[in-house]
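The structure appears below as structure tokens.
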Amino acid sequence: MKFWQEEIETASREQIAQWQSERLVNTVKRVYEKVPYYRQKMEEAGVTPDDIKSVDDISKLPFTCKQDLRDTYPYGLFACDMDEVVRVHASSGTTGKQIVVGYTKNDLDIWDDICARQLAAVGADKSSKIHVSYGYGLFTGGFGFHGGATKMGAMAIPVSSGNTARQITILQDFGSEVLCCTPSYAMYIAETMEKMGVDTSKLPLKAGIFGAEPWTQEMRLQLEEKLGIKAYDVYGLTEIMGPGVAYECSEQTGMHVNEDHFIIEALDPDTGLPVPDGQPGEIVFSCITKEAFPILRYRTRDIAVLSHEKCSCGRTFVKMSKPMGRTDDMLIIRGVNVFPSQIETVLLNMGYSPNYQILVDRVNNLDTIQVQVEMSDKMFSDTVTEISKAEHAIEEGLKSLLGVAADVKLVAPNTIARSEGKAKRVVDNRKK
Ligand code: DLL
């Protein structure tokens with residue numbers, strides 16, 4: 001199976017624009033009537049629902065930010081009667097109060113469909129066994145893929161995250177064909193299998209659907225090699241739906257945004273104006289079919305690039321690149337913008353493991369950055385001189401790509417904490 005809803009996924013651009021216009025107009029009307037907070041924001045911006053006649057008018061609407069969600073915690077932005085809400089999810093983020101989102105039955109049905117689109121795009125069908133190692137609970141990852149697999153009629157294996165030894169037994173015994181988890185956890189599973197001497201070529205696993213955190217092309221290649229699979233990216237966020245907002249196809253060149261349900265914009269984060277295709281911009285989403293939590297012009301803080309080029313998979317939805325970082329994850333080191341993913345690229349290109357951590361500090365008013373990287377078991381027996389030579393080589397590599405001097409420290413194998421969910425790559429002590 002290649003498509004879950006082929007007619008929609010390959011609709012003409014005109015058709016997509018028509019859906020978006022109709023659905024945006026309706027959603028704006030509904031939130032204006034039902035959500036006092038939105039009405040007030042629109043009044044402050046001098047906009048009424050009558051001003052929104054098509055998708056082209058979207059820029060007239062005010063933005064919604066994380067702070068709006070916190071101000072209306074927990075249910076202040078819900079746009080349906082509370083007794084229509086059949087599920088909530090929440091995300092704590094890294095700072096501040098958690099945010100809460102809700103779904104009606106219809107919302108869940110749509111979410112199942114978009115996750116099924118992702119599963120079909122990686123080759124899954126009714127006969128597939130889908131191993132879900134994203135966490136089940138308030139986090140959206142587990143339930144999202146579980147719903148998609150169930151709707152497709154495939155067999156969901158709801159392992160949730162953690163207990164890596166058991167994950168591996170299940171991968172060996174239950175016939176898992178598609179592994180869904182964060183890329184860092186997939187790497188940990190792969191490393192553990194290597195240590196246990198598991199021959200991954202004997203497993204029926206064919207594909208991985210990895211997302212929820214930034215990961216690089218280099219990491220993709222390593223995961224594909226170690227697990228003997230094709231590794232696909234999936235993007236999503238709690239505020240918009242969860243996993244499946246954008247999904248990668250067999251081309252592996254970016255993720256198609258489910259534009260029948262979400263309108264995507266890429267904007268200059270400072271001016272709020274659109275950036276052209278191919279140029280990095282902050283991703284802003286509007287939900288146009290959701291009943292319970294139809295957020296409008298939500299500033300994700302994720303930075304990515306859009307492409308409207310025709311994709312050879314046949315899908316017509318716009319593609320977004322792997323997010324290269326977040327506006328709030330971007331480290332400013334002595335005035336230079338640094339994304340953790342750039343550091344990962346250097347390390348992996350030089351043959352190091354993706355087990356690293358970035359420590360940022362301020363000493364005598366000067367930003368310092370230290371990158372701790374695990375050495376391989378083989379390197380561990382090297383002499384001190386050889387290790388410091390290797391550290392120096394990485395420092396050079398980072399300097400030439402990033403333009404800032406970083407201190408590199410090779411640390412013993414298995415000393416950087418592994419994560420069963422999202423990896424913690426950056427410790428910024430300047431914020432303390
Ligand atoms: O991470 C939803 C999800 C679950 C997506 C499972 C994919 C798979 P949140 O916890 O709200 O939701 O985190 C959302 O994670 O704004 C991005 O910064 C980051 N993120 C999500 N997917 C990717 C990805 C889920 N493929 C935040 N690449 C987003 C890079 C990603 N970053």
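Put simply, of 270, 277 the only residue that is acidic (Asp, Glu), within 13 Å of residue 305 (Cβ to Cβ) and away from the ligand (no atom under 15 Å from the Cβ) is 277.
Checked against the criteria, residue 219 does not count as buried (at least 19 other Cβ atoms within 10 Å of the Cβ), under 30 Å from residue 288 (Cα atoms) and over 11 Å from the mean Cα position of the chain (by Cα). Residues in segment 75-90 that are assigned to a helix (DSSP H, G or I), without any contact (Cβ under 8 Å) to a residue 24 or more places away in the chain and not aliphatic (A, V, I, L, M): 83 only. Scan segment 241-254 for residues that are assigned to a strand (DSSP E or B) and more than 9 Å from the ligand (Cβ to nearest atom) and jot them down. Selection gives 247 alone. Might you let me know whether segment 259-280 holds any residue that is in contact with a His (Cβ under 8 Å, 6 or more places away or on another chain), part of a loop (DSSP other than H, G, I, E, B) and buried (at least 22 other Cβ atoms within 10 Å of the Cβ)? Within segment 259-280, not a single residue is in contact with a His (Cβ under 8 Å, 6 or more places away or on another chain), part of a loop (DSSP other than H, G, I, E, B) and buried (at least 22 other Cβ atoms within 10 Å of the Cβ). May I ask you to verify whether residue 335 is under 29 Å from the mean Cα position of the chain (by Cα), of a type outside the set (Val, Ile, Thr) and over 23 Å from residue 322 (Cβ atoms)? Criteria met by residue 335.
In segment 203-215, the qualifying residues are those that are near the ligand (Cβ under 10 Å from one of its atoms) and assigned to a loop (DSSP other than H, G, I, E, B), and the one that is surrounded by the fewest Cβ atoms within 10 Å (Cβ to Cβ) is 213.
Remark: pairs (first residue in segment 91-102, modelled with pLDDT of 85 or more; second residue among the small types (Gly, Ala, Ser) and in a loop (DSSP other than H, G, I, E, B); Cβ separation under 6 Å; 6+ apart in sequence or on different chains) = 98/92; 102/292.
Read through the list (1) modelled with pLDDT of 95 or more; (2) touching a Leu at 6+ places or on another chain (Cβ under 9 Å), then give the number of the only condition that residue 339 fails. It fails just one condition, (1).
Filtering segment 323-346 to residues that are of a type in the set (D, E, K, R) and within 18 Å of residue 269 (Cβ to Cβ) leaves 326, 328, 329.
Residue-level check: of (1) acidic (Asp, Glu); (2) modelled with pLDDT under 95; (3) buried (at least 22 other Cβ atoms within 10 Å of the Cβ), residue 191 misses just (3).
Checking each residue in segment 47-68 for being hydroxyl-bearing (Ser, Thr, Tyr) and surrounded by 15 or more Cβ atoms within 10 Å (Cβ to Cβ) picks out only 64. The set of residues from segment 309-337 being without any contact (Cβ under 8 Å) to a residue 40 or more places away in the chain and outside any strand (DSSP E or B) comprises 309, 310, 328, 330, 335. Has segment 285-301 got at least one residue that is assigned to a loop (DSSP other than H, G, I, E, B), closer than 18 Å to residue 211 by Cα and of a type outside the set (S, T, N, Q)? No, segment 285-301 contains no residue that is assigned to a loop (DSSP other than H, G, I, E, B), closer than 18 Å to residue 211 by Cα and of a type outside the set (S, T, N, Q). Filtering segment 321-350 to residues that are within 14 Å of the ligand (Cβ to nearest atom) and over 19 Å from residue 400 (Cβ atoms) leaves 321, 322, 323, 325, 326, 327, 328, 329, 330. Within segment 218-240, the set of residues being of a type outside the set (A, V, I, L, M) and either away from the ligand (no atom under 12 Å from the Cβ) or assigned to a strand (DSSP E or B) (or both) comprises 218, 222, 224, 225, 226, 228, 230, 232, 233, 235, 236.
The values are calculated or read from the model by the stated rules, or taken from the named source; none is laboratory data. As the structure is a computational prediction, the values presented were derived from the model and not from experiment. For neighbour counting, all protein chains shown are included, and Cβ atoms are generated from backbone atoms with ideal geometry for every residue, glycine included.
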